[in-house]
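Derivation of every value follows stated rules applied to the coordinates shown; laboratory data play no part. Quick caveat: nothing in here was measured; it's all calculated off a predicted structure. Counting neighbours? That spans all protein chains shown, and the Cβs are built from the backbone with ideal geometry, glycine included.
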């Protein structure tokens, strides 16, 4: 789903957590997939279509559970798979520093 440079997925996220994309990350989309380039850390992250959809949902308004519901309505996948994949993607984004956790509408 996600290929990152210098990152290991494993940071736990809760269903109620909300994350927002960092504004200084360049996004290059091609055929429904994307490559993220972190200008600060000089790293890249390749996303497949599902991971790119999760990335787009990290707007600070949608919770992890909201993103799971959006995945279920858009893709032909079961609930357990959606929860696992969304949590894995958001965890990778967060651990890589590509998103920031929101706390009561403010970046935590």
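Could you state the orientation-averaged shadow area of the convex hull built on the Cα atoms of region 33-108, in nm² to one decimal?
Values: hull surface 20.4 nm².
Computing the convex hull of the Cα atoms and averaging its projections yields 5.1 nm².
What is region 2-107's relative contact order, in percent, from Cα pairs under 8 angstrom and six or more apart in sequence? The partial results should precede the final answer.
Working: 173 pairs, mean separation 41.8, N = 106.
Once normalised by length, the contact order is 39 percent.
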For a quick check: sort 52, 37 by the number of other beta carbons within 10 angstrom, fewest at the front.
37, 52
How much length would be gained if the chain were fully extended between residue 16 and residue 66, taking 0.36 nm per residue of separation minus their Cα-Cα distance, in nm to one decimal?
17.2 nm
When a footprinting reagent is the concern and you count Cβ atoms within 10 Å, what order do 63, 73 take, fewest first?
73, 63
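If we count other beta carbons within 10 Å of each Cβ, what is the order of 75, 19, 93, 53, fewest first? Please list the in-between numbers first.
Details: 75 13, 19 26, 93 29, 53 19.
The fewest-first ordering by Cβ neighbours comes to 75, 53, 19, 93.
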